[in-house]
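Reviewing the structure listed below.
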Amino acid sequence: MTTNHQQTLTPRPNTIIHKMVLLALLIPACHQPLLAAETGPEWIYSVRPKDTLIHFAKRHLTNPEDWRILQKLNHVKNPYRMPIASKLRVPLYLVKQAPAQATIMAAVGEVYQVSPNQSRQSVVIGQQLDMGAELQTAAKSTLQIRFADGSVVMMQPNSVLKLDTLSMYSGGGMVDTKLRLQQGGVAIKANPQHLPSNNMQIFTPTAVAAVRGTDFRVSTEPKITRQETLEGQVVLSAAGHEVKVDKGFGSLSEEGRAPLIPVPLLPAPVTTTLPVQFQSLPVQFEMPAQERAVGWVGNVYQASSSEALFAEHTSNNHRLTFNNLPDGQYVLKVRAKDLLGFEGYDTGHVFTVNTQPFAPSLTYPATSSVITDSQPVLRWTQVQNADAYLVEFAKDAQFKQPLYSQKVASNEWAMTAPLQQGQYFWRIASVDGADQGPYSLATHFTYKPKPPALDINGLVATISQNRVFVDMVNPPDGFTYEAALDNNRNNQKNVWKAADLQGRFNFLLREYGTQTLRIRLVDREGIAGPESISEFDAFPP
């Protein structure tokens with residue numbers, strides 16, 4: 001007799017894991033984009049009248065067939081009907097993407113774009129900036145940049161900012177901006193239209209500030225990042241932690257540490273007791289006592305232009321001092337600074353300087369320019385009622401040891417002796433009888449002589465298989481060669497031209513006959529010396 005026994009078997013743990021792995025492998029490939037969509041960054045789109053999922057995909061997605069992913073992600077029953085004003089989650093990796101640009105709106109003082117080889121070029125108003133651009137402001141210099149979504153960034157003096165990411169999705173439906181503040185500070189009005197999907201992040205060496213629409217400041221110094229929220233809210237992240245910094249608060253991050261719990265910013269100072277008229281220099285403001293204030297930040301702008309920074313001063317006491325302000329009307333923007341270094345809200349104070357005669361405007365050489373004339377003629381604008389001008393010329397910006405202090409009757413003055421290579425500072429004051437007005441703001445230029453003419457007696461040009469091979473000594477350190485070829489047949493000029501050359505180079509021969517090779521030295525600043533000429537004959541093989 002046989003007895004049947006039923007037995008319940010319990011799967012071993014490794015059998016369960018094996019089945020789970022098999023089940024994962026059996027998930028259809030079409031589900032994988034959906035899984036990625038649920039975790040990646042998104043564009044939140046507000047549905048408009050006549051929108052359908054099919055038409056939306058054709059307008060905004062790289063692959064219109066991906067409307068099916070959106071349908072599953074958003075649980076849309078009918079792809080031809082969507083409720084108006086409903087929110088559609090759209091993974092960014094599906095959306096059409098194009099590079100965006102930023103635009104220089106205003107520049108005051110010495111502002112440069114820095115190339116990858118660290119050479120600098122002055123920026124101009126209206127200049128378009130692409131992703132990767134690096135910008136630099138000097139002392140008493142500011143730069144205003146507008147981005148694709150209307151956000152405006154004001155670079156403060158002595159700052160370095162790199163435009164890491166400038167991306168526009170679906171023709172501007174969403175804009176993603178990532179900026180890297182390497183030094184100094186920025187004041188930002190982000191996403192003024194308050195588009196819900198726009199994103200801006202400010203990276204510093206120690207922290208990240210992320211916003212969607214607000215008015216705030218970020219500054220960085222070695223191992224410390226400070227952030228102050230004037231409107232809206234900013235998320236400050238560092239060392240794996242983040243804090244939400246609301247309007248009227250500030251936070252800071254030290255290297256390797258979580259952000260500080262936000263603290264309240266100092267209120268705008270009261271300036272009703274400050275003077276409004278100055279008839280002598282320097283201009284000084286005695287700031288009234290303010291609770292928790294240990295210092296003051298003052299910026300002076302011309303009243304006619306809120307972007308034209310004229311002078312700046314950060315004080316660790318109650319006094320702000322500004323020297324050499326020409327006659328005119330100004331606005332002092334001043335804010336208090338607390339013990340942690342947080343700067344509070346600004347107050348504007350209008351004042352006038354009237355210390356005639358006015359200082360002239362300096363016209364030549366232009367500030368920060370490089371000149372090759374060893375005895376330049378300094379020029380400035382004429383000032384009404386001025387019968388003479390006092391010229392001060394020095395190697396230092398403080399004019400502690402002027403090389404020249406010369407009174408002249410006209411609005412130009414020629415150097416009486418050749419300059420040595422280097423940087424020079426100069427300023428001019430107007431003189432009316434016995435009255436001398438204030439000096440103009442000092443400006444500077446650099447004198448650098450042209451590279452010398454080349455001795456190319458040892459140049460050898462050989463021709464092989466219709467190529468010209470040139471062999472000469474290498475240029476001195478810090479210089480390269482620039483060369484151009486003329487062909488005397490038909491008087492052809494610049495048949496070939498190249499720069500950044502060393503002692504050996506070659507080029508394709510385009511025509512036979514007598515060739516004229518013009519070569520000159522060029523230094524790192526692009527200053528070129530006189531051309532040296534070598535002629536040779538090229539005959540057909």
Hey, which of these cross-link pairs are over 31 Å Cα-Cα: K244/K333; K96/K162; K162/K493; K96/K497; K337/K448; K244/K337?
K162/K493; K96/K497; K337/K448
Can you grab the distance from the C-alpha centre of the range 201-240 to the C-alpha centre of the range 375-404, Å, no decimals?
44
Find the accessible area per residue for the chain; the probe is 1.4 Å, ligands and nucleic acids are left out, and the unit is Å².
54
Regarding the range 170-278, what's the average projected area of the Cα-atom convex hull, expressed in nm²?
9.4
List the relative contact order of the range 391-541 as a percent without decimals, with contacts defined as Cα pairs under 8 Å and 6+ residues apart.
18
Keeping the other protein chains in place, figure out the carbon and sulfur percent of the accessible area of the chain, with a 1.4 Å probe.
51
Cα-Cα pairs of the range 463-531 separated by more than 16 Å (percent):
48
Mind pulling the angle between the C-alpha long axis of helix 13-25 and the longest principal axis of the chain? Nearest 10 degrees, somewhere in 0 to 90.
60
DSSP loop GluC sites (Glu not before Pro) in the range 279-344 with at most 14 other Cβ atoms within 10 Å of their Cβ, which ones?
E291, E307
Ranking V76, P267, Q423 by how far each Cα lies towards the positive end of the charge dipole of the chain (+1 on Lys and Arg Cβ, -1 on Asp and Glu Cβ), the top one is V76
Assigned charges on the beta-carbon of Lys, Arg, Asp, Glu; the chain dipole about Cα centre (debye):
2180
For the range 410-503, report the % of Cα-Cα distances exceeding 19 Å.
67
Count the net charge of all other residues whose Cβ sits under 10 Å from the Cβ of G248, scoring Lys and Arg as +1 and Asp and Glu as -1.
-2
Could you give P(r) for the range 319-387, binned at 10 Å from zero, as whole percent values over all Cα-Cα pairs?
15, 28, 26, 21, 10, 0
A correct Karplus calculation of ³J(HN,Hα) over the range 487-497, with 6.51 cos²θ - 1.76 cosθ + 1.60, θ = phi - 60°, whole Hz and x for Gly and Pro, returns 10, 5, 5, 6, 6, 7, 10, 6, 4, 9, 8
Need one value: the accessible area of R427 in square angstrom, 1.4 angstrom probe, rounded to the nearest 10.
40
Could you tally the net charge around F479, taking each other residue with its Cβ under 15 Å from the Cβ of F479, Lys/Arg +1 and Asp/Glu -1?
-3
Whichever aspartates and glutamates have a C-alpha closer than 15 Å to that of K247, once near sequence neighbours (fewer than 8 apart) are set aside:
D215, E228, E231, E343, D346
Helix-only estimate, please: 222 nm mean residue ellipticity of the chain, summing -39500 (n - 2.57) across DSSP H runs of length 4 or more and dividing by its residues, to the nearest 500.
-2000 deg cm²/dmol
Give the separation of the Cα centroids, the range 518-541 to the range 446-514, in Å.
4
State the dimensionless ratio Rg/Rh of the chain (Rg: radius of gyration of Cα atoms; Rh: Kirkwood radius).
1.13
At q = 0.18, 0.20, 0.21 Å⁻¹, the log10 of I(q)/I(0) for the range 267-337 from a Debye sum over equal Cα scatterers comes to -0.68, -0.83, -0.92
Could you work out the pair-distance distribution P(r) of the range 87-187 from its alpha-carbon pairs, with 10 angstrom bin width and percents rounded to whole numbers?
16, 47, 25, 11, 2
Distance between the range 56-85 and the range 136-151 - C-alpha centres, whole angstrom:
39
So, in nm, how far is label I125 from label H55 when the simple model puts each one 7 Å beyond its Cα toward the Cβ?
4.3
Using modelled amide H (1.01 Å from N, peptide plane; none on Pro or chain starts), what sits under 5 Å from the amide H of W43, excluding residues fewer than 5 places away?
V90, L92
I'd like the Karplus ³J(HN,Hα) series for the range 436-442: coefficients 6.51, -1.76, 1.60, θ = phi - 60°, whole numbers in Hz, and an x wherever there's a Gly or Pro.
9, x, x, 6, 5, 4, 5
Keeping all protein chains in place and using 1.4 angstrom, which order do V370, V234, V473 fall into by accessible surface area, from largest down?
V473, V370, V234
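The values are calculated or read from the model by the stated rules, or taken from the named source; none is laboratory data. Being a predicted model, the structure only gives us computed values, none of them experimental. Don't worry about glycine lacking a Cβ; one is built from the backbone with ideal geometry, like all the others, and counts go over all protein chains shown. Surface areas here come from the heavy atoms of the whole protein model, side chains and all, with no ligands, DNA or RNA. Shrake-Rupley method; radii C 1.70, N 1.55, O 1.52, S 1.80 Å.
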